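Visitor: Got a structure for you, written out below as structure tokens; questions coming shortly.
Where a number appears in this text, it was derived from the coordinates with a stated rule and is not lab data. If you're wondering where the values come from, they're calculated on a predicted model, not measured in any experiment. No Cβ is skipped: glycine too gets one built from the backbone with ideal geometry, and neighbour counts run over all protein chains shown.
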Amino acid sequence: MNKKRFGIDIDGTVTAPSTFIPYLNEHFKKNLTIDDITEYELSSALGISKEEFDKWMKIHESNIYKRAELAVGVHPVLSEWKNEHDLYYISARPSDFHELTRNWFIQYELPYDHIELIGTHDKISAVKKHGVHIFFEDKHDNACSIAEACGIPVILMDTPYNQEPVHKFVHRVSDWNTAKKVVKELL
């Protein structure tokens with residue numbers, strides 16, 4: 001198998017999709033579960049404006065990123081791939097969190113070749129710039145736009161908030177072990 005460059009989102013893909021829920025429940029006095037999050041935009045589940053959510057996020061995001069838990073099964077899969085492929089993490093996190101993010105990767109002993117925090121959900125130019133062969137994502141519209149614009153397969157981690165129909169290059173998977181099987185079939 002030839003070495004490929006994998007582009008990997010962080011939040012909701014490498015981190016557990018439910019990462020934000022305990023913080024939202026505590027602050028907003030809710031009792032949400034991951035099944036209650038049917039849209040990527042969290043403000044709608046909270047019944048607040050996007051502006052209110054953005055203010056809350058600015059205050060709490062560093063703590064949430066610092067304490068984020070790994071998605072189930074991600075560590076063994078990425079550890080296996082580290083010698084076979086290049087692992088490029090491309091995240092919408094603001095670039096201010098680069099050191100915090102790198103330290104989180106070190107804390108969890110997650111392999112990486114490159115971490116890029118682009119501060120926007122539009123990842124197409126970064127995917128093209130780095131010559132990514134396969135991308136891993138949890139945000140539905142990102143997965144579809146990357147697949148279409150870049151002509152590459154995208155592995156979409158299945159969550160309640162990304163259930164819309166997908167582009168023909170998008171492969172919906174339930175977990176990282178299934179992602180590993182799909183990647184093996186694609187390569």
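Visitor: Pairs of alpha-carbon atoms within less than 8 angstrom and 6+ residues apart define the contacts here; what relative contact order does segment 21-67 have, in percent?
Guide: 23 percent.
Visitor: Give me the angle, in degrees from 0 to 90, between the Cα long axis of helix 140-150 and the longest principal axis of the Cα atoms of the chain, rounded to the nearest 10.
Guide: Orientation of helix 140-150: about 30 degrees from the principal axis.
Visitor: Return the sequence-ordered ³J(HN,Hα) values of segment 7-18 in whole Hz as given by the Karplus equation 6.51 cos²θ - 1.76 cosθ + 1.60 applied to θ = phi - 60°, using x for Gly and Pro.
Guide: Residue by residue, segment 7-18 yields x, 9, 5, 9, 6, x, 10, 7, 8, 4, x, 8 Hz.
Visitor: Can you give me the pair-distance distribution of segment 55-102, C-alpha pairs, 10 Å bins, whole percents?
Guide: 19, 45, 29, 6, 0
Visitor: OK, next. How many angstrom separate the Cα center of segment 117-187 from the Cα center of segment 1-72?
Guide: Segment 117-187 and segment 1-72 have Cα centres separated by 18 Å.
Visitor: Here's something else I'd like to know. When only DSSP loop residues count, what trypsin sites (Lys or Arg not before Pro) in segment 53-125 have their Cβ near at most 15 other Cβ atoms within 10 Å?
Guide: 82
Visitor: Here's a follow-up. Report the Cα-based extents of segment 1-108 along its three principal axes, largest first, to the nearest Å.
Guide: Principal extents (largest minus smallest coordinate, Cα): 48, 29, 21 Å.
Visitor: Something else about it: Give me the angle, in degrees from 0 to 90, between the Cα long axis of helix 50-67 and the longest principal axis of the Cα atoms of the chain, rounded to the nearest 10.
Guide: The helix 50-67 is inclined about 60 degrees to the chain.
Visitor: Now for a separate question. Could you quote the convex hull projected area for segment 1-47, Cα atoms only and averaged over all directions, in nm²?
Guide: So the mean shadow area of the Cα hull is 4.4 nm².
Visitor: Under 9 Å from the Cβ of residue 158, count the other residues' Cβ atoms, weight Lys and Arg +1, Asp and Glu -1, and hand me the total.
Guide: Residues close to residue 158 contribute a combined charge of -1.
Visitor: Across every pair of different alpha-carbon atoms, what Kirkwood hydrodynamic radius in Å does the chain reach?
Guide: Averaging 1/r across every pair of different Cα atoms and inverting gives 16.8 Å.
Visitor: Taking every alpha carbon pair in segment 21-67, what does the distance histogram look like in 5 angstrom bins from 0, in percent?
Guide: 5, 21, 32, 30, 12, 0
Visitor: Here's another thing I want to ask about it. Per the Debye formula with a single identical scatterer at each Cα and no solvent contribution, what log10 I(q)/I(0) holds for segment 65-150 at q = 0.25 Å⁻¹?
Guide: Computed log10 I(q)/I(0) values: -1.48.
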